[in-house]
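Chemist: Structure incoming, see below.
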Amino acid sequence: MAECFRNSRYLVETEWLAANLQAPDLRVFDCTVYLHPDPPRIYRIESGRADYDKGHIPNSGFLDLVQELSRADSQLNFMMPAAADLAQRVARRGIGEGTRVVLYARTNLQWATRVWWMLRAIGFDQAMVLNGGYDKWLAEGRPVTTEVPRYPPARLTPRPRPELFCDKETVRAAIGDGATCILNALRPELHNGSAPVHYGRPGRIPGSVNVPGIHLTDPTTKAYKPAAELRALFEAAGAFHRPRILAYCGGGIAATNDAFVLTLLGHEHVSVYDASMSEWANDPSLPMEKGAGLDV
């Protein structure tokens, strides 16, 4: 299926990974995080490390998005570190010049796409996402292990692409701009404000359209839907043909799933609002909109 995408090199199948696991330049990482509803807070965050320790794809390490790859000095969860800082962190884990990286997650590919987007934002273009993640690998009866690989440290010179992330001022300025699509990756009931939320005011950024990240994958296999079907989802929302797309969600995670698929499909100007609704919905100076919208 991956060959149907314009940028298919960023998506790999389980068959490819099984055949290339022992490649000396390949680095494989589980990126799983779990979010548990925990009112009145937004959610309780749980690292996927415990499940990784019970069994994982052979020759794969674990990247802790919560403790290892997010800014420690921010009051918001999962915020992108400075490019030089992130480059140092991932280089210590073996990601750098001369290496290729495969990222996977359990249950939801958005954790792998989050790390993929962060690596791309610091100029590392040799990262790929495993289609279907650990769920598909396991369902196919492929081997798992508890052994932990020790990748040697690498060298990685950051080449920042700051345009891959945006802030609230960029989003606010884009409201009403016909050349820009503000794209919400949250579930439809959160987009239209009909469901209760724990991250602030209910609703959406005015004028935004909705392509939920959970609609991008097959619920059984966890693999991405066919390219033509995915493109149709974004076209139906009026997003794909806009010159610029600003994607958001609750905390900048599901938005990277939309952004990743748009990149696979060939869109070249997608930016992720890193703080997303965790910031926007808690700032009373920023406008909110509720009610029926263009959902997919």
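The values are calculated or read from the model by the stated rules, or taken from the named source; none is laboratory data. A quick note: this is a predicted structure, and the numbers were derived from the prediction, not measured. Don't worry about glycine lacking a Cβ; one is built from the backbone with ideal geometry, like all the others, and counts go over all protein chains shown.
Chemist: Helices (runs of 4 or more DSSP H) wholly in segment 87-183 with at least 1 residues that are more than 21 Å from the chain's Cα centre (by Cα), modelled with pLDDT of 95 or more and not basic (Lys, Arg) - which ones?
Modeler: Working: elements: 110-121, 133-139, 168-174.
Fully inside segment 87-183 and qualifying: 133-139, 168-174.
Chemist: Take the residues in segment 187-235 that are at pLDDT 95 or above, over 18 Å from CYS4 (Cβ atoms) and hydrophobic (A, V, I, L, M, F, W, C); name whichever of them is surrounded by the fewest Cβ atoms within 10 Å (Cβ to Cβ).
Modeler: If we take residues in segment 187-235 being at pLDDT 95 or above, over 18 Å from CYS4 (Cβ atoms) and hydrophobic (A, V, I, L, M, F, W, C), then ILE214 is surrounded by the fewest Cβ atoms within 10 Å (Cβ to Cβ).
Chemist: Right, something else. Does segment 104-116 contain any residue that is among the hydroxyl-bearing types (Ser, Thr, Tyr) and out of contact with any helix residue (DSSP H, G or I) (no Cβ under 8 Å at 6 or more places or on another chain)?
Modeler: Of segment 104-116, the ones among the hydroxyl-bearing types (Ser, Thr, Tyr) are 104, 107, 113.
Then drop every residue that is not out of contact with any helix residue (DSSP H, G or I) (no Cβ under 8 Å at 6 or more places or on another chain), which leaves none.
No, there is no match, as no residue in segment 104-116 is among the hydroxyl-bearing types (Ser, Thr, Tyr) and out of contact with any helix residue (DSSP H, G or I) (no Cβ under 8 Å at 6 or more places or on another chain).
Chemist: Additional query: I'd like to check something: does segment 5-21 contain any residue that is closer than 30 Å to VAL197 by Cβ and not in a strand (DSSP E or B)? Lay out the reasoning, then the answer.
Modeler: From segment 5-21, those closer than 30 Å to VAL197 by Cβ are none; that's our starting set.
No: zero hits.
Chemist: Does ALA72 satisfy the criteria of being on the phi < 0 side of the Ramachandran plot, hydrophobic (A, V, I, L, M, F, W, C) and free of Cβ contacts under 8 Å to residues at least 24 places away in the same chain?
Modeler: Details: on the phi < 0 side of the Ramachandran plot: yes; hydrophobic (A, V, I, L, M, F, W, C): yes; free of Cβ contacts under 8 Å to residues at least 24 places away in the same chain: yes.
Yes; evaluated as a whole, the condition is true for this residue.
Chemist: Give segment 95-119 a look and list any residue that's within 19 Å of THR32 (Cα to Cα) and surrounded by fewer than 19 Cβ atoms within 10 Å (Cβ to Cβ), or say none. Reasoning before the result, please.
Modeler: Initial filter on segment 95-119 (within 19 Å of THR32 (Cα to Cα)): 95, 101-119.
The answer is THR107, and nothing else.
Chemist: Would you mind finding the one in LEU216, LEU233, LEU164 that is touching a helix residue (DSSP H, G or I) at 6+ places or on another chain (Cβ under 9 Å), closer than 30 Å to GLY98 by Cα and either touching a residue at least 60 places away in the same chain (Cβ under 8 Å) or of a type outside the set (Asp, Glu) (or both)? Let's see the steps before the verdict.
Modeler: On the way: LEU216 fails: closer than 30 Å to GLY98 by Cα; LEU233 fails: closer than 30 Å to GLY98 by Cα.
After applying the criteria, what remains is LEU164.
Chemist: OK, next. What number goes with the only condition from (1) surrounded by fewer than 18 Cβ atoms within 10 Å (Cβ to Cβ); (2) polar (S, T, N, Q); (3) within 18 Å of the chain's Cα centre (by Cα) that SER285 does not pass?
Modeler: Unmet condition: (3).
One line per residue, one yes/no per condition, for (1) at pLDDT 95 or above; (2) crowded, with 21+ Cβ neighbours inside 10 Å; (3) within 20 Å of ARG106 (Cα to Cα):
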| site | (1), (2), (3) |
| --- | --- |
| CYS4 | no, no, no |
| SER8 | yes, no, no |
| ASP25 | yes, no, no |
| VAL28 | yes, yes, yes |
| THR32 | yes, yes, yes |
| LEU35 | no, no, yes |
| ASP53 | yes, no, yes |
| ARG71 | no, no, no |
| MET80 | yes, yes, no |
